[in-house]
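The values are calculated or read from the model by the stated rules, or taken from the named source; none is laboratory data. If you're wondering where the values come from, they're calculated on a predicted model, not measured in any experiment. Cβ placement follows ideal geometry from the backbone for every residue including glycine, while neighbour counts extend to all protein chains displayed.
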Amino acid sequence: MSLSEAFTALKTQAAIDAKTPIVAHFEYEADRLGTQSLSVAGLYVDVSKQSWSDAGFQAALKLFEAADLPAARERMWTGQAINVSENRAVLHVALRDSDGENARLRGAEITADVKTARDAMKAYADGIRSGQIVGATGKPFKTILHIGIGGSDLGPRLVWQALTPLKPQIDIRFVANVDGSELALNTADLDPAETLVIAVSKTFTTQETLANFLAAREWLIAGLGEEAASKHLAAVSAAPAKTSAYGIPEDRVFGFKDWVGGRYSLWSAVSLSVIIAAGYDVYERLLAGAYEMDQHFLTAPFEKNAPLLLAAAQVFNRIGLDRPSRAVIPYAHRLRRLAAFLQQLEMESNGKRTDGYGQLLPTKTCPVVFGDEGTNAQHAFFQMLHQSEDIVPLELIAVKSNPEAPLDMQQKLLSNVIAQGEAFMVGKSLQTAEAECHAAGFDAEKTAIIAPQKVCPGNKPSTLVLLEALTPETLGALLALYEHKTFAEGIVMGLNSFDQWGVELGKTLANAVLEDITGTSIKAHDPSTTAAISKVK
Ligand code: F6P
């Protein structure tokens with residue numbers, strides 16, 4: 001079956017399936033849950049509350065066959081230049097390959113490179129943690145100021161929030177925005193003598209990161225003097241030569257290769273801050289969890305492959321039923337940045353309109369991904385999700401056991417996430433709403449007004465991802481799960497998930513507007529833009 005025939009078959013089946021309530025699929029399909037759920041790497045994934053029948057589920061899986069996903073996986077893992085527009089390989093998976101035995105860049109061994117980078121990070125992290133490497137005044141480092149944005153921020157920030165010890169020996173403050181308030185707020189109570197500033201930028205050209213880094217360096221110099229300040233600087237970049245202009249000692253520059261995309265870079269030295277603050281062993285465990293998911297993605301059959309179950313649900317909703325958004329709700333405070341991380345991973349990867357050769361794509365691509373932590377989100381935007389006629393598919397992520405939470409609180413949290421999945425699916429009928437009104441003593445007139453307002457149409461699809469516990473391993477597996485989901489969707493949609501041309505226009509125009517704001521004249525713009533520039537000038 002060709003890919004376009006597979007799309008047609010998916011849309012036809014999806015239109016049929018959408019007419020049947022999700023709950024009814026459970027009645028007609030004997031082993032729906034068994035077929036549409038699995039456990040891997042400490043994660044339980046259940047897509048049986050999606051709007052599809054078994055035929056719809058199979059039609060979505062067919063897309064991976066029609067798009068020849070196995071060949072695409074092979075191209076990625078063997079280091080072919082699958083990022084065609086930039087002529088780059090995509091090998092972040094090599095960073096978590098425990099022995100590096102499978103890591104090859106266009107046929108050439110890259111194990112030694114990966115190992116050298118790991119050894120350098122380990123030595124530096126161990127040195128700081130043991131107190132062998134200290135600040136200019138002899139004080140041990142207590143805080144790391146991690147300066148980076150996008151992929152140089154979201155991954156390490158998420159990992160640190162997920163795994164921060166309750167009383168960390170070394171803390172991390174993340175500074176991303178070029179709004180100087182973020183740096184000011186994060187340095188106000190810090191002692192420069194105990195602070196290590198790490199600039200993290202793949203390109204080392206990013207405006208926000210360089211501006212924050214220069215300001216942080218000034219802050220160090222003001223507190224310690226110029227020579228001493230350099231002992232408090234380190235950098236992470238795939239363009240290490242560019243760091244030399246910023247006074248960072250050469251032996252404090254940690255590199256990674258251009259075959260690691262920004263939004264896939266948390267497995268590299270981009271996580272140096274976390275490696276120092278949490279310990280190298282935690283990083284190794286994170287890699288091990290991701291590696292387990294990699295092996296699963298490579299070897300499990302399509303219908304029992306966790307990333308493909310999530311990707312199938314997404315293409316069914318987005319391409320099959322034209323649903324333009326998806327909510328990601330982690331019921332875990334420690335995973336509160338997951339939606340932000342996935343926004344970059346999915347929307348920067350797959351929010352495209354052409355393929356890698358410039359041809360317009362035949363289908364819709366990435367939906368709007370949004371979300372916040374549960375239960376907070378229930379008290380914010382769930383009202384709309386329950387009662388709007390628009391259907392927003394959900395991903396509910398939860399953690400089964402949490403040793404730092406009192407058991408009764410954890411039970412309450414878990415009851416909420418499970419109840420929401422049920423509530424979205426079953427909804428509340430008019431009949432039930434009327435019965436509630438009668439029970440509350442409403443007369444017929446009031447019941448006629450209130451009962452329809454209480455109706456929840458239900459039939460809203462959700463997926464459950466349940467982690468046994470939040471450990472470095474399960475976190476690694478969870479993030480790799482989403483990376484592979486994103487990759488598989490990109491293959492089906494026929495696009496290059498590894499470039500990001502769309503963000504360039506804003507960067508270019510921001511530089512042009514900056515010249516207008518700081519210069520003596522204003523270039524030609526539309527009247528609204530000119531007025532805004534004049535107002536802030
Ligand atoms: O906004 C585009 C982008 O290039 C992202 O892809 C990247 O993660 C981010 O900027 C930061 O880039 P860098 O790590 O090069 O500073």
TODO: Kindly check whether there is at least one residue in the stretch 350-365 that is part of a helix (DSSP H, G or I) and touching a residue at least 60 places away in the same chain (Cβ under 8 Å).
DONE: yes
Open item on the list: Given the condition in contact with a Phe, Trp or Tyr (Cβ under 7 Å, 6 or more places away or on another chain) and away from the ligand (no atom under 16 Å from the Cβ), answer yes or no: does some residue in the stretch 153-161 qualify?
Closed with: no
Task: Residues satisfying the stated conditions in the stretch 38-80, i.e. assigned to a loop (DSSP other than H, G, I, E, B) and modelled with pLDDT of 95 or more - done: Ala41, Gly42, Val47, Ser48, Lys49, Gln50, Ser51, Trp52, Ser53, Ala67, Asp68
Task: All positions within the stretch 489-513 that are in a helix (DSSP H, G or I) and farther than 30 Å from Ser528 by Cβ - done: Glu489, Gly490, Ile491, Val492, Met493
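This table checks each residue for (1) assigned by TED's automatic domain parsing to the domain that holds Asn350; (2) among the small types (Gly, Ala, Ser); (3) farther than 30 Å from Lys167 by Cα.
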| site | (1), (2), (3) |
| --- | --- |
| Trp259 | no, no, yes |
| Arg263 | no, no, no |
| Trp267 | no, no, no |
| Tyr291 | yes, no, no |
| Phe302 | yes, no, yes |
| Val315 | yes, no, yes |
| Ile319 | yes, no, yes |
| Arg323 | yes, no, yes |
| Ala332 | yes, yes, no |
Task: Within the stretch 126-152, considering residues that are part of a loop (DSSP other than H, G, I, E, B) and among the hydrophobic types (A, V, I, L, M, F, W, C), the one nearest to the ligand (Cβ to nearest atom) - done: Ile149
Open item on the list: Any residue that is surrounded by fewer than 20 Cβ atoms within 10 Å (Cβ to Cβ), within 16 Å of the ligand (Cβ to nearest atom) and in contact (Cβ under 8 Å) with a residue 40 or more places away in the chain - is there at least one of those in the stretch 310-324?
Closed with: no
TODO: Please give the number of the condition Lys523 fails out of (1) touching an Asp or Glu at 6+ places or on another chain (Cβ under 7 Å); (2) part of a helix (DSSP H, G or I); (3) basic (Lys, Arg).
DONE: (2)
Task: Failed criterion for Pro307 (all others in (1) under 24 Å from Glu389 (Cα atoms); (2) in contact with a Phe, Trp or Tyr (Cβ under 6 Å, 6 or more places away or on another chain) hold) - done: (1)
Open item on the list: Taking the criterion of being buried (at least 17 other Cβ atoms within 10 Å of the Cβ) and farther than 18 Å from Gln50 by Cβ, would at least one residue in the stretch 437-450 satisfy it?
Closed with: yes
TODO: Provide a single number: the residues in the stretch 229-263 that are aliphatic (A, V, I, L, M), within 13 Å of the ligand (Cβ to nearest atom) and out of contact with any Gly (no Cβ under 8 Å at 6 or more places or on another chain).
DONE: 3
Task: Cβ pairs under 6 Å, 6+ apart, first in the stretch 269-285 and over 12 Å from Ile144 (Cα atoms), second outside any helix (DSSP H, G or I) - done: Ala269/Val236; Ala269/Phe254; Ala269/Phe256; Val270/Val200; Val270/Val236
- [ ] Check every one of the helices (runs of 4 or more DSSP H) wholly within the stretch 376-461 and list those with 1 or more residues that are of a type in the set (Asp, Glu) and assigned by TED's automatic domain parsing to the domain that holds His25.
- [x] 407-426
Open item on the list: Of everything in the stretch 190-214, what is outside any loop (DSSP other than H, G, I, E, B), within 16 Å of the ligand (Cβ to nearest atom) and not hydroxyl-bearing (Ser, Thr, Tyr)? Give them in sequence order.
Closed with: Val197, Ile198, Ala199, Val200, Gln207, Glu208, Leu210, Ala211, Asn212, Phe213, Leu214
Task: Unmet requirement for Ile248, which otherwise passes all of (1) part of a loop (DSSP other than H, G, I, E, B); (2) within 26 Å of the chain's Cα centre (by Cα) - done: (2)
